[in-house]
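Down below is the structure, laid out as structure tokens.
The values are calculated or read from the model by the stated rules, or taken from the named source; none is laboratory data. Please read all numbers here as calculations on a predicted model, not as lab measurements. Positions of Cβ are generated from backbone atoms using ideal geometry, with glycine treated the same way; all protein chains shown enter the neighbour counts.
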Amino acid sequence: MSKVASFFPATTGFVPAQENKTRITGPRSTTMESAKIALIPCLLPEKQVHEPFDCAPSTKCNSWGCPSPQAAGPPREVAIRGAWLGIKKPLVQSDVLQLFVNKKDLREGSQKLLDIARANGGNRAFGSGGHNATVDYIYNTLVKLNYYNVKKQPFTEVFSQGNATLSIDGVRVASEILTYTPGGSVEAPLVAVPNLGCVLADYPAEVAGKIAFVSRGTCPFADKSLAAKAAGASAIVIYNNVAGALSGTLGAPFKDYAPSVGISQEDAAAVLTKLAAGAVTASVKVDAIVEPRTNYNVIAETKGGDHNNVLALGGHTDSVAAGPGINDDGSGTIGILNVAKYLSHFRVNNAVRFLFFGAEEFGLLGSYHYVKSINGSETELAKIRAYLNFDMIASPNYIYGIYDGDGSAFNLTGPEGSDLIEKDFENFFKSKRTPSVPSEFSGRSDYAGFIQNGIPSGGLFTGAEVLKTEEEAKLFGGTAGVAYDVNYHKAGDTIENLNWEAFVLNTKAIAHSVAKYAVSWKGFPAVNLAKRRYAGDKAKVFKREIETHQHDHHSGPCGGGALI
């Protein structure tokens, strides 16, 4: 089917030009849902047709399907841009907006992000040239549409990046720095701490001037590092108490920490065996940068629509330092950005606010800053009827995950209205004859600040580092026992890492939800500030529980890092 005809439902009566032709011949008009007349001026080259138009009810159309009295039809570009007298953009419809979604646009946007990363040291991390270029790309793209009020929102946070080298008796052991660790280099005996190292009294006197070897558990990593330093340790190695590598954060910068690294439970078992047999010498080298950096959110709200009944949706624009982040969260960024471009061809009843957050990978910093900037006013918060989050929507070994708004799967109910968002996404996938599964509101992506303010929330997620189950492989295909995204937070998160089927379908789901709520909030609960405050307080309690208990973040794709 030609590109022109594909913009319209089959019921419109448009007869497409023959495939690979560039012109439509003969008058074409039809009655659309609004009972107005949809126009495509005759003899327009297909490549110049960007959007459908309708005549205002009082306007008569000539035999060319164009407003009278200009019998020859309007100038092409004027007509195409909707500026012709008597022509206005049609109200957005889900099925029509979905028709705009295509693999080519998603690929081009993803390639742009990859090019930016490769030109800036291989990543788009918070505070880096790669992230600044990403922000500029998004901002400039949206400004050119002349459809949104667009602004950059600056904020300053502490940037931390580095790497660690650990050797045990001259043999290298894989290790990870803890975010906000100071740098340092030391070679000294390794001392096992018999307790969990949470307080100064846990450390034996002989740890002074040596390297403390401490198990994860009970208290935050920061408490262990501070206590080790107070006991005189030159560095601390924290080993995991569950299978797998240990990575995380000290939670806050510029405290009197010891240089801090983490290792896996498996490697720790071998080290403990050596310690039981006699003295062990360790070498720890930490190269780290800890400094304040300015970062940016990009906020774009439709000029039209009711600004007291706003749909907000977002994703994050930064990657980890290890790679370009083309799935995490380049996929969400590009999916949302393309829907924003497509929406500019239509009218909306309710304003739509597109949010592109920075510094998600450092603890949801951009989204928390944004919410904090408006949560001093309940009036401003009340304008946001719902928030939708899209973080990792094209994982190679994907699932179609929908955030569990009704709490039926993970026993955490989102604020009132979150259940309706979940149900609507479920119905979307059912309409595509595609299965879906619930994903947990784990607090590990940018919806967290909205939920903590009682704003109904939802969204989609295709999976991160957790292994796909046999049941999921039967539902979605792919490989059981393999991570949803084997390149999660790695250099391999490039354009080759994306699953295009999932990417296209999830972007159509974004288009559907935007169109639905941009037209009407019918059936959605009215804003009740008392209920929102209660739901927000519940979510804040849950956040504290996450920070003081281990969490495998099955449905927490990205930011924050473990504190404990």
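Within the stretch 243-263, identify whether any single residue is surrounded by fewer than 24 Cβ atoms within 10 Å (Cβ to Cβ), among the polar types (S, T, N, Q), within 32 Å of the chain's Cα centre (by Cα) and modelled with pLDDT of 95 or more, and answer yes or no.
no
Condition test on Thr218, is it farther than 22 Å from Lys490 by Cβ and either part of a loop (DSSP other than H, G, I, E, B) or β-branched (Val, Ile, Thr) (or both)? Full working, then the answer.
Numbers: farther than 22 Å from Lys490 by Cβ: yes; either part of a loop (DSSP other than H, G, I, E, B) or β-branched (Val, Ile, Thr) (or both): yes.
It is true that Thr218 is farther than 22 Å from Lys490 by Cβ and either part of a loop (DSSP other than H, G, I, E, B) or β-branched (Val, Ile, Thr) (or both).
Go through the stretch 320-358 and give me each residue that's touching a His at 6+ places or on another chain (Cβ under 6 Å) and at pLDDT 95 or above.
Of everything in the stretch 320-358, those that are touching a His at 6+ places or on another chain (Cβ under 6 Å) and at pLDDT 95 or above turn out to be Asp329, Ala351, Phe357.
Taking the stretch 365-424 as the search range and keeping residues that are polar (S, T, N, Q) and crowded, with 24+ Cβ neighbours inside 10 Å, which one is nearest to the chain's Cα centre (by Cα)? Reasoning before the result, please.
Residues of the stretch 365-424 that are polar (S, T, N, Q), as a first pass: 367, 373, 375, 377, 379, 389, 395, 397, 408, 411, 413, 418.
Restricting the remaining residues to those that are crowded, with 24+ Cβ neighbours inside 10 Å gives 367, 389, 395, 418.
On the way: Ser367: 11, Asn389: 6, Ser395: 12, Ser418: 18 Å.
In this case the residue turns out to be Asn389.
Condition (residue is over 25 Å from Gly278 (Cβ atoms), touching a Ser or Thr at 6+ places or on another chain (Cβ under 6 Å) and of a type in the set (Phe, Trp, Tyr)) applied to the stretch 180-197: is it met by at least one residue? Give the steps one after another, and end with the answer.
Quick first cut of the stretch 180-197, residues over 25 Å from Gly278 (Cβ atoms) only: 180-184.
Remaining after also requiring touching a Ser or Thr at 6+ places or on another chain (Cβ under 6 Å): 180-181.
Checking which are of a type in the set (Phe, Trp, Tyr) leaves us with 180.
Within the stretch 180-197 (the criterion being over 25 Å from Gly278 (Cβ atoms), touching a Ser or Thr at 6+ places or on another chain (Cβ under 6 Å) and of a type in the set (Phe, Trp, Tyr)), the answer is yes, since at least one residue qualifies.
So, in the stretch 416-439, exactly how many residues are within 25 Å of Asn297 (Cβ to Cβ) and in a loop (DSSP other than H, G, I, E, B)?
Going through the stretch 416-439 one residue at a time, the tally reaches 1.
Given the options Ser331, Ser377, Ser408, Ser373, name the one that is small (Gly, Ala, Ser) and in contact with a helix residue (DSSP H, G or I) (Cβ under 7 Å, 6 or more places away or on another chain).
Values: Ser377 fails: in contact with a helix residue (DSSP H, G or I) (Cβ under 7 Å, 6 or more places away or on another chain); Ser408 fails: in contact with a helix residue (DSSP H, G or I) (Cβ under 7 Å, 6 or more places away or on another chain); Ser373 fails: in contact with a helix residue (DSSP H, G or I) (Cβ under 7 Å, 6 or more places away or on another chain).
One residue alone meets the criteria, Ser331.
Restricting attention to the stretch 158-184, report how many residues are over 30 Å from Glu360 (Cα atoms) and either of a type in the set (Lys, Arg) or surrounded by fewer than 20 Cβ atoms within 10 Å (Cβ to Cβ) (or both). Let's see the steps before the verdict.
Quick first cut of the stretch 158-184, residues over 30 Å from Glu360 (Cα atoms) only: 167-172.
Those still in the list that are either of a type in the set (Lys, Arg) or surrounded by fewer than 20 Cβ atoms within 10 Å (Cβ to Cβ) (or both) too: 167, 169-172.
Total satisfying the criteria: 5.
Looking only at the stretch 137-149, count how many residues are part of a strand (DSSP E or B) and surrounded by fewer than 20 Cβ atoms within 10 Å (Cβ to Cβ). Step through it out loud before you land on a result.
At the first step, the residues of the stretch 137-149 found to be part of a strand (DSSP E or B) are 148-149.
Retained after the next criterion (residues that are surrounded by fewer than 20 Cβ atoms within 10 Å (Cβ to Cβ)): 149.
Qualifying residue count, the stretch 137-149: 1.
Of the conditions (1) within 30 Å of Ser260 (Cα to Cα); (2) in a strand (DSSP E or B), Pro324 satisfies every one except a single condition; which number is it?
(2) is the only condition that Pro324 fails.
For a quick check of your reading: which helices (runs of 4 or more DSSP H) sit entirely within the stretch 460-564 and have at least 3 residues that are surrounded by 20 or more Cβ atoms within 10 Å (Cβ to Cβ) and at pLDDT below 95? If you could, list the steps in order and put the result at the bottom.
Values: elements: 470-476, 500-519, 529-547.
Qualifying helices (runs of 4 or more DSSP H): 529-547.
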